[in-house]
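In what follows, a structure is listed as structure tokens, so that the remarks can point back to it.
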Amino acid sequence: MVTMGDLDELALALPQATKEVSEDGRPAYLVHGKLFCLQRRRRRDAVDPVTGELFDDVLMFRVADLGVKELLLADDRGLFFTTPHFNGYPAVLLHIPDLERLDRDELADLVAEAWLTRAQKRVAKAWLAEQGVAADDAREAR
């Protein structure tokens with residue numbers, strides 16, 4: 001079962017990744033000043049259908065493209081979702097309590113893919129080589 005601590009550890013293990021924390025304690029992970037994952041603030045477009053309350057437990061992960069987004073949204077477990085704010089934008093949302101439904105390898109892949117969308121090409125290529133993955137193979141996999 002993974003937690004926000006695992007997310008923090010995995011994100012910050014990536015080259016040149018940094019973390020910013022908002023005044024209200026919400027983490028955002030960046031590489032070269034570009035967000036690849038963050039905990040969203042309450043937004044009017046993310047409402048709990050049961051209680052009517054605005055969700056405040058939502059993580060946003062960048063994805064490579066809209067095709068990858070559609071694949072994640074089609075996952076049978078129903079973990080990932082989107083809102084009208086993210087229509088046409090390569091990102092998926094996940095409720096923090098649903099982290100426990102992911103295994104650590106799956107979260108690591110999700111975080112790394114998000115990081116790859118924002119990292120400088122030379123940094124990403126070097127990291128992929130360290131992982132034993134050719135940059136061309138990684139692009140084809142996405």
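Quick notes
- Förster radius 22 Å - calculated FRET efficiency between residue 35 and residue 95 (Cβ-Cβ, nearest 0.05): 0.70
- On the principal axes of its alpha carbon atoms, the chain extends 47, 33, 29 Å, with the longest extent given first.
- At R0 = 30 Å, FRET efficiency that the Cβ-Cβ distance of residue 26 and residue 129 yields, to 0.05: 0.35
- Other residues whose C-beta falls under 14 angstrom from the C-beta of residue 9 contribute a net charge of -1, scoring Lys and Arg +1 and Asp and Glu -1.
- Theoretical FRET efficiency, 1/(1+(r/R0)^6), r = Cβ-Cβ of residue 66 and residue 1, R0 41 Å, to 0.05: 0.85
Here, each number is a calculation from the coordinates, and none is a lab measurement. Because the structure is a prediction, the values reported are computed rather than measured. FYI the Cβ positions are ideal-geometry reconstructions off the backbone, even for glycines, and counts take in every protein chain you see.
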